[in-house]
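Right, one structure below, let's go through it.
The values are calculated or read from the model by the stated rules, or taken from the named source; none is laboratory data. Please read all numbers here as calculations on a predicted model, not as lab measurements. Cβ atoms come from the backbone with ideal geometry, glycine included; neighbour counts cover every protein chain shown. All accessible areas refer to the heavy atoms of the entire protein, side chains included, with ligands and DNA or RNA removed. Shrake-Rupley method; radii C 1.70, N 1.55, O 1.52, S 1.80 Å.
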Amino acid sequence: MDTASQKKWWKEVVVYQIYPRSFKDSDGDGIGDLKGITSKLDYVKSLGVDVIWLNPIYGSPNADNGYDISNYDDIMKEFGTMADFDTMLSEMHKRNLKLVMDLVVNHCSDEHEWFKQARSSRTNPYRNYFHWWPAEKGKPPFRPGNFEVDGSGWRFDSLTNSYYLHYFSYKQPDLNWENPKVRQEIYAMMNRWFKKGVDGFRMDVIPFIAKDTTFPVITQKDLDAKYDGRWDVYQASGPGLHSYLQEMNKEVLSKYDIMTVAEGAGTTKSTVMDFVDPDRKELDMAYHFDGVSLGYVPGYFKKMDPNWSLVAFKKIYSDWDSVFENKGWGTIYLGNHDQPRMVSRWGNDAPEYHDASSKMLTTFLLSMRGTPYYYFGDELGMTNIKFDKIEDYRDIETIAEYNKVKNAGGDVKGFIEDQKTGGARDNGRTPFQWDAGLNGGFTTGTPWLKVNDNKSTINVVAEEKDANSILNYFKKMVQLRKEHKDIMVYGKYTLLDVDNPDVYAYTREAGGKKVLVLLSFRKTGGKFNLGTMQLGKEWINNLQPLTVQNGVVNLQPYQACVVELK
Ligand code: NOJ
């Protein structure tokens with residue numbers, strides 16, 4: 001049986017990710033909120049998308065913008081109330097939009113009641129909800145702590161003379177999944193949200209939940225030899241992982257018609273099937289990091305090499321497609337709240353190429369096999385804000401990395417420059433651009449993060465009026481994917497012209513029908529040799545016309561098209 005014969009609703013949807021903090025502020029405090037989202041659901045519906053994934057909206061002190069949860073059954077006060085949530089969900093369902101929530105259960109907040117209890121004494125009943133290392137055993141073996149200036153994943157807590165584990169900031173203590181009580185608490189909480197009617201979960205760093213809790217010393221040599229030098233793979237390899245996911249499936253997921261997607265941090269092509277093979281009864285989909293990790297210069301924090309290789313890019317997406325050739329299901333994305341804006345990183349945000357390259361990337365995302373996760377604002381062609389000074393940044397990760405460079409006496413100016421095109425997460429988190437007015441129509445107050453000046457041209461009002469806008473192109477691509485589901489969703493994918501450094505070319509086919517997708521990733525355009533292929537009807541083309549001379553297609557800079565083959 002191939003994947004095409006295993007049809008599921010969640011394979012056919014387009015997921016639209018909303019970063020709630022930055023979508024629409026209804027009360028003028030400069031922070032997006034649930035009422036704001038509800039007020040804009042007609043816009044979301046007009047895009048043609050089916051599912052909304054919301055980043056965490058639970059009670060949180062916001063050390064990491066909601067990825068540090070202090071109450072899983074509450075709504076963050078900046079975002080509103082549970083009544084606002086109930087209204088939002090029912091308004092979504094009225095419009096036939098589904099809601100996927102973020103599930104953050106590798107860690108919670110150090111302000112969660114569980115942790116407050118746990119840290120109070122070594123004999124507290126909640127002590128084993130977390131991972132502790134008593135200081136009388138000496139210093140714990142190194143584990144990395146993302147978002148910490150000293151890079152350590154252990155924090156000393158003097159009250160009980162112990163260290164606790166936190167893979168992210170010290171405000172995000174890791175939960176101890178080896179403790180069955182923790183697992184039961186989490187399943188019960190998930191059940192409560194499903195009973196409210198949510199339609200799925202995106203599971204934050206889910207492969208990290210299980211770890212080797214003997215915490216052996218792991219040397220760089222072990223890491224290189226067994227884990228390709230990757231801590232994320234080592235951290236994600238806990239022995240109990242799949243039995244926990246199967247237990248979660250049995251006790252929670254299998255009871256509802258919902259979708260699940262793992263943030264597959266640390267998963268590889270050879271391990272991903274363990275999560276998404278339907279016979280194993282774990283999760284539906286996972287997303288990988290191989291694509292978005294491409295092109296970073298070694299030794300720097302997410303500094304982008306402007307000459308990143310398209311050949312390598314094509315290989316990554318093609319190899320991942322082949323993983324799901326016979327079973328399981330893939331995902332596809334180029335942007336999210338942890339990534340810079342897709343057009344600034346993979347396209348070209350210079351005025352002359354911004355329009356074409358945004359549309360080209362949208363063509364890619366919506367013509368691949370696998371469920372597309374499309375990041376809000378990319379449908380407008382929103383770009384990196386490119387801050388000139390660290391004071392403009394709000395993100396815990398960028399600030400920690402900046403301080404690392406500063407403390408080491410490094411090149412802080414270079415760091416700021418690198419973040420303009422590279423990895424600074426705030427590039428993708430700036431407020432949504434509704435109109436050309438004050439704060440782009442996002443808030444009447446002071447926005448928590450600056451609004452990009454290009455709101456004057458890149459905004460919903462302007463783009464809704466322009467039939468050729470990036471926004472209207474996105475809507476057309478969504479419709480195309482839906483009209484031609486057999487080909488665009490389920491159809492076989494074949495990479496062509498593997499070594500072409502400028503053009504990504506592939507076919508999709510089903511039921512005897514075949515289309516060719518041509519994408520120029522260069523400001524110099526690109527050439528594609530048709531060989532014996534004969535072009536038929538064009539389904540979409542971001543830059544008319546398509547020029548063919550002696551069997552060679554001459555693509556314009558960032559041209560994209562989907563065309564039938566005869
Ligand atoms: C992945 C999330 O996408 C990211 O935003 C967050 O900082 C970490 N996990 C920690 O929860």
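Assorted remarks:
- Flag if ARG122 is outside the structural domain of TRP10 (by TED's automatic domain parsing) and touching a Ser or Thr at 6+ places or on another chain (Cβ under 6 Å): yes
- Among residues of the range 355-379 that are at positive phi, those with a beta-carbon under 8 Å from a residue that is among the basic types (Lys, Arg) at least six positions away or on a different chain give the pairs GLY377/ARG341.
- With respect to the conditions (1) open to solvent by less than 20 Å² (accessible area, probe 1.4 Å); (2) more than 16 Å from the ligand (Cβ to nearest atom); (3) polar (S, T, N, Q), SER109 falls short on a single one, namely (2).
- Leading residue by the ranking (farthest from the chain's Cα centre (by Cα)) among those in the range 27-66 that are open to solvent by 10 Å² or more (accessible area, probe 1.4 Å) and of a type in the set (Ser, Thr, Tyr): SER39
- Output for the range 150-168, where each listed residue is open to solvent by 20 Å² or more (accessible area, probe 1.4 Å), away from the ligand (no atom under 16 Å from the Cβ), in contact (Cβ under 8 Å) with a residue 12 or more places away in the chain and not in a strand (DSSP E or B): LEU159, ASN161
- Of the residues making up the range 465-482, one or more are at negative phi, of a type in the set (S, T, N, Q) and open to solvent by less than 50 Å² (accessible area, probe 1.4 Å).
- Residue list for the range 169-198, filter: among the charged types (D, E, K, R) and either farther than 13 Å from ILE209 by Cβ or away from the ligand (no atom under 16 Å from the Cβ) (or both): LYS171, GLU178, LYS181, ARG183, GLU185, ARG192, LYS195, LYS196
- Candidates LYS450, LYS492, LYS455: the one that is under 24 Å from ASP42 (Cβ atoms), modelled with pLDDT of 95 or more and basic (Lys, Arg) is LYS455.
- Screening the range 389-412 for residues that are among the acidic types (Asp, Glu) and over 25 Å from the mean Cα position of the chain (by Cα) and picking the one that is farthest from the ligand (Cβ to nearest atom) gives ASP411.
- Where helices (runs of 4 or more DSSP H) sit wholly within the range 418-500, those with at least 2 residues that are within 18 Å of ASP378 (Cβ to Cβ) occupy 460-465, 470-483.
- Single condition SER293 does not satisfy, out of (1) of a type in the set (Gly, Ala, Ser); (2) within 16 Å of the ligand (Cβ to nearest atom); (3) crowded, with 17+ Cβ neighbours inside 10 Å: (3)
- Taking the criterion of being within 16 Å of the ligand (Cβ to nearest atom) and either at negative phi or not aromatic (Phe, Trp, Tyr) (or both), the residues of the range 132-148 that qualify are ARG143, PRO144, GLY145, ASN146, GLU148.
- ARG127 being among the charged types (D, E, K, R), at pLDDT 95 or above and within 16 Å of the ligand (Cβ to nearest atom): no
- Residues located in the range 484-506, provided they are more than 26 Å from the chain's Cα centre (by Cα) and free of Cβ contacts under 8 Å to residues at least 60 places away in the same chain: LEU496, ASP497
- Which listed residue is of a type in the set (S, T, N, Q), farther than 26 Å from HIS112 by Cβ and buried (at least 18 other Cβ atoms within 10 Å of the Cβ), from THR271, THR267, THR219: THR267
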